[in-house]
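Everything on this sheet refers to the single structure shown next.
Read-outs: derived from the displayed coordinates by stated rules, not from any lab. Given the structure is predicted, the values throughout are model-derived calculations rather than measurements. Backbone-built Cβ (ideal geometry, glycine too); neighbour counts: all protein chains shown.
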Amino acid sequence: MAEKQQNMLWGGRFTGGLDPLMVAYNESIYFDQILHKQDILGSIAFARANFNAGILTKEEFTKIETGLLAVEAEWAAGKFVIQPGIDEDIHTANERRLGEIIGKDVAGKLHTGRSRNEQIATDMRLWLRDELHKIEGFLVSFLKVTAQRAETEVDYVMPGYTHLQRAQPIRWSHWMMSYGLAFASDLERLREVIKRVNRSPLGCGALAGNPFGIDRQAMATELGFDSLLWNSMGGVADRDFVAEFLQWGSMLMQHISRWAEDLIIYSTAEFGFVRLADAYSTGSSLMPQKKNPDSLELLRGKSGRAFGHMAGFMMTLKGLPSTYNKDLQESVEPMLDHVKTVGDSIQIAEGVLATLATQPEKMRAALDPFMLATDLADYLVRKGVPFRETHHISGQCVALSEATGTPMNELTYEQLAGVDPRFEKDIAQVFNYDKSVEMRSAKGGTSKACVLEQVAVLKSMLE
Ligand code: ARG
C-alpha cells in the first residue's frame, strides 16, 4: 500500500500506507468522471497558456494537447479504464493516462504552477454552466406551453380558492398564469445565477496565485468564461455558485410542487377539472379502476429531495476555514443530483401540461352563487353604500339563502329588497359568473384582456 501511495500525484512525502477504506472514502472518480471533458479542455487551455508564458515549448504543448485529446476520445468512446486505488479523481486519472500515452517526461510538465483545487472549481463551473443553459431551454419550453394553453383556454371559468374554499370565479388561464409568472421569475433568477457560475478560477493555483505569469484572461476566453474570479484564495474555495444553484432549484421545485398539488386536487373525481394523460399516470396493482397522478406526486415528492441537498450543502459550507478544504468535494454530488432532478422535473411538468385534458363543463359546474357574494356587495358600493355596510348586507343575503334553502341567485327581488331597499331590479344581472370575471379588469386581474396581457408579458421573456 505504501508503494501504491508513492505512485499517487501527491505521494512523494508519504511512507506509511493508506487504510483501504480511506482510499475509497477519499475517492471522487466514481462521480467526478462526468467532468472528463471539462477537465481535458481546462488542461489544454492551461497548457496553451503555459506555452505562451514560456514554460512549455511548442513541441511539448502540441504533444500534451494531442495526448489530452486522445484521453478524451477514450472517455467519449467509453474505453477509459479507471485504475482503482490509483485514479483518485478525474484530474489524477487524466494526468495518469496522459503520461502513459505521451510519456511521463512531457506529461509531468502539465501541472506546472497548477493545483487540483483550481481544476475542480474550473471543471464544475464549466459543466454547470452548460447544464444551466439546457435547463434554461427546458424552462422556456415549459413556459411556452403555459402561455399557449393560457391563450387557447382563456374562456374557461372555474372557482378560485383561498384556504382551499371556493372564493371567487376566475379564468382557468388566470390560474395557469399565476404559476407561469412565478416560473418566469425563476427564469430571471436562473439567468442571474448563470452569470455568477460562468467566472473563471483557472490560474488561481492552490490558493495564492500563479507564479509563472500565466495569462488568466486568455484561458478564460478560450473556455468561454464571461469573467475572472478576482481573488485566488476565494477563487479556489468558492462553492457559492453551487449553493446558489441549489437555492435556485429549491425555489423552482417549491413552485413545481405547489403547481402539482393543485393539479392533483383538480384531477380527483370530486373536482374533475382536468384529466391526466395516460403517459403521465400509472395504475394500481390491486385496484383495477385506479389511475394515479404519479407524475405530479413525484414532482411534489422530489421537491423535498431538492431542498434537502440545498440545506445539507449549506451545512457543509458553514464553519469551513478559508480556501480549499476537502469538505468541498461534497459539493459535487448534490450539484449532479440537483441538475438531474430539476432538469427532469421541468420536462415532466411540461409533458403533463401539454397533454392534460381540461373539462370546462366540470369547472363551470363547480361554481356556486355564493362565490358572487362579493359582487353583490360591490353592487351596492356602486350605489354609494360604504363597503363595510355592503359586506354586512351581502352576508345577510347569504344567511337568508341558507335559511330558506334557496340558492342565492334564486332569491326573489322581493326577498333581496327585504334585506335592503337599495337593491333594485337590475340586481339580477349580478348573478353572472362571466360578468364577475370581466369586472376584474384592473391590470393583473382575471378579465380576459388582463389574462391575455399577462400572457404577452410572459411571452416577451421567452424570446
Ligand atoms: N477531488 C477533489 C475535489 O473534488 C479535487 C481537489 C483536491 N485538492 C486537494 N487539495 N486534495 O475537491
When CYS204, CYS450 are ranked with the fewest other C-beta atoms within 10 Å first, the list becomes CYS450, CYS204
Between MET287 and LYS195, the FRET efficiency computed from the C-beta separation at R0 = 45 Å comes out, to the nearest 0.05, as 0.35
Cross-link reach from LYS104 to lysines, straight Cα distance under 22 Å and at least 8 residues apart if same chain, gives LYS4, LYS37, LYS58, LYS63, LYS79
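Based on the alpha-carbon gyration tensor of the range 1-129, what equivalent-ellipsoid semi-axes (square roots of 5 times the eigenvalues) come out, in whole Å, largest first? Can you show the working numbers first?
Values: eigenvalues 112, 61, 39 Å².
Equivalent-ellipsoid dimensions as semi-axes: 24, 18, 14 Å.
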Rounded to whole angstrom, the alpha-carbon centroid of the range 122-176 lies from that of the range 348-424 at a distance of 29
Relative to the chain, whose Cα atoms define the longest principal axis, helix 448-460 and its Cα axis are tilted in degrees, nearest 10, by 10
The answer for trypsin sites (Lys or Arg not before Pro) in the range 55-122 that fall in a DSSP coil and have at most 15 neighbouring Cβ atoms within 10 Å is LYS79
Computed over the chain: longest principal axis from alpha-carbon atoms vs helix 240-266 long axis, angle to nearest 10 degrees, is 30
Given all pairs of distinct Cα atoms, the chain yields a Kirkwood Rh in Å of 26.6
Listed by chain and number, the aspartates and glutamates with an alpha carbon less than 16 angstrom from that of LYS362, same-chain partners under 8 positions apart left out, are GLU153, ASP155, ASP262, GLU270, ASP434
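Using a/c under 1.5 as the rounded threshold, could you call the range 59-108 rounded, prolate or oblate? The axes a ≥ b ≥ c are square roots of the C-alpha gyration tensor eigenvalues, and prolate needs a/b larger than b/c, oblate otherwise. If you can, show how the numbers build up before the last one.
Values: a/c = 2.51, a/b = 1.37, b/c = 1.84.
It comes out oblate by the Cα gyration axes.
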Nearest 10, in degrees from 0 to 90: the angle of helix 36-52 to the longest Cα principal axis of the chain is 50
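Where does the chain land at 222 nm, in deg cm²/dmol rounded to the nearest 500, when only DSSP H runs of n ≥ 4 count, each adding -39500 (n - 2.57), divided by all residues?
Working: 20 runs with 281 residues, N = 463.
Helix contribution divided over all residues of the chain: -19500 deg cm²/dmol.
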Relative contact order of the chain (C-alpha contacts under 8 Å, at least 6 apart) in percent is 16
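Of ASP278, ASP215, how do they rank once you tally other Cβ atoms within 10 Å and put the fewest first?
On the way: ASP278 10, ASP215 16.
Ranking ASP278, ASP215 by Cβ neighbours within 10 Å, fewest first, gives ASP278, ASP215.
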The aspartates and glutamates whose Cα lies under 18 Å from the Cα of LYS326, excluding any fewer than 8 residues away in the same chain, are ASP19, GLU27, ASP32, ASP87, GLU88, ASP89, GLU118, ASP123, ASP238, ASP240
